[in-house]
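This report refers to the structure that appears directly beneath it.
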Amino acid sequence: MTRPLDGITVVSLEHAIAAPFCTRQLADLGARVIKVERPGSGDFARAYDTRVKGQASHFVWTNRSKESLTLDLKQPGALAVLMQLLGRADVLVQNLAPGAAARMGLSFDALKLAHPKLIVCDISGYGEDGPYRDKKAYDLLIQSEAGFLSVTGTSDAPSKAGNSVADIAAGMYAYTGVLSALLLRDKTGVGSHVDVSMLESLAEWMGYPLYYAFDGAPPPPRTGAAHASIYPYGPFQAGDGGTVMLGLQNEREWKLFCELVLQDAALASDPRFDSNARRNAHREALRGLILAVFAKLSTEQVLARLDQAQIANARMNDMAGLWAHPQLQARQRWRVVQTPAGDIPALLPPGRSNAFDPRMDPIPAVGQHTEAILRELGQDEAAIAALRTCGAI
């Protein structure tokens, strides 16, 4: 089976989420990803928690199908190994502290003369220039800087996303940036530099609230899980304690909702509710009417009425519900991936292709592939032993 990135080698100086998420997706498409880690402890995300057979949830999510090479890049011998490895690589991805890669001679400008076909992807909080270039950045801090917190949560309190949304955004743009750079290299024969900023990545995802607040207009209010400007659109509790999410998009759906779900066709022409703007203005009154009907129904009954009316809806799943989701099972989206602590289930990456299956190879132990990679580079046993003795690997 031929995969899109078969034959492509990626070297990654990565930790935490943004860069590992990028490179795991490159590995999904067939790339060989060599993950450079600290000797002994490895990527610090390995120690975030112990929820997956003693391993960290973040780490097992973002590091399958990779090889682990341990190098202490503060030591000349280890840096020499990395430089030798880059001579065989197609892509270098890094999300070290601001300026750290450049100080080691690993900037695009420093590498391009010796390695003209190398693609260098730098991921940072704020980008390689500008007044914020040297600031450290973590996911929550970027959620704050990008305005995400200002529109997420309730009227009483802002809330962060329940996952690493800024890291994920940056990882996605790094992934697509590397893919576009590989396509460009096919046309030009030379590598290029991809500079990905977490702030710019999440700012792109903030396009709707940005334009909603265009030219000094008030931003969308924080409305919890409800929509800020469309109503009814959001969570409603059923009589058995379950929560149903529903969304109405137009007046045709509003009439069907009143007739088939609330079973009160006359409500559709109530002057308080006969347009989205009026429903939004009187959302508390309408919410009370909806909850009064739903209180007499089970979650399944509410969902059945919504389906009958062809109103978009969903149950509010927890993680157990997602693990067991019937749609994921019906589409056979789960596979088994090996880890140092035993097999675990893993979701196939989104975007099913009829041409190839994505790689779903093991998650590496710290330094699992170090000696094999060094031998591949021509190091003999004595040289490897010397590197190990001085702590370079």
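Where a number appears in this text, it was derived from the coordinates with a stated rule and is not lab data. Given the structure is predicted, the values throughout are model-derived calculations rather than measurements. Counting neighbours? That spans all protein chains shown, and the Cβs are built from the backbone with ideal geometry, glycine included.
See the values below:
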quantity: Efficiency of FRET from Cβ geometry, R252 and Q308, R₀ 22 Å, rounded to 0.05; calculated: 0.90
quantity: Relative contact order of segment 53-176, defined on C-alpha pairs under 8 angstrom at six or more residues apart (%); calculated: 16 percent
quantity: Per-residue Cβ neighbour rank within 10 angstrom, fewest leading, T2, T299; calculated: T2, T299
quantity: Contact order relative to length of the chain, as percent, for alpha carbon pairs under 8 angstrom and 6 or more apart; calculated: 19 percent
quantity: Length added when fully stretched, K74-D361, from 0.36 nm per residue minus Cα-Cα; calculated: 100.3 nm
quantity: For W254, W334, order by how many other beta-carbon atoms lie within 10 Å, fewest first; calculated: W334, W254
quantity: Length released on extending from R388 to A341, taking residue separation times 0.36 nm less the Cα-Cα span; calculated: 14.4 nm
quantity: About the Cα centre, charge dipole magnitude for the chain (Lys/Arg +1, Asp/Glu -1 at Cβ), debye; calculated: 360 debye
quantity: Sparse-neighbour loop sites [trypsin sites (Lys or Arg not before Pro); segment 299-353; at most 11 other C-beta within 10 Å; DSSP]; calculated: R331, R352
quantity: Neighbour-count ranking [beta-carbon atoms within 10 angstrom, fewest first] of T223, T62; calculated: T223, T62
quantity: Cα centroid separation, segment 209-280 to segment 348-370 (Å); calculated: 42 Å
quantity: Estimated vicinal HN-Hα couplings, Hz - segment 321-328 in sequence order (Karplus 6.51, -1.76, 1.60; Gly, Pro = x); calculated: x, 6, 3, 9, 4, x, 5, 5
quantity: Compactness relative to 2.2 N^0.38 Å, alpha carbon Rg of the chain; calculated: 1.20
quantity: Förster radius 41 Å - calculated FRET efficiency between D129 and S57 (Cβ-Cβ, nearest 0.05); calculated: 0.75
quantity: Between 0 and 90°, nearest 10: helix 76-86 axis offset from the chain longest Cα axis; calculated: 70 degrees
quantity: Of G288, G367, G127, the one that fluctuates the most in a GNM where the chain has Cα springs shorter than 10 Å; calculated: G288
quantity: Relative contact order (%) - segment 233-316, alpha-carbon pairs under 8 angstrom, separation at least six; calculated: 45 percent
quantity: Extension gain (nm, one decimal) between A320 and S269, 0.36 nm per residue minus Cα-Cα; calculated: 14.3 nm
quantity: Amide hydrogen neighbours beyond the local backbone of K117, cut-off 5 Å, H modeled; calculated: G191
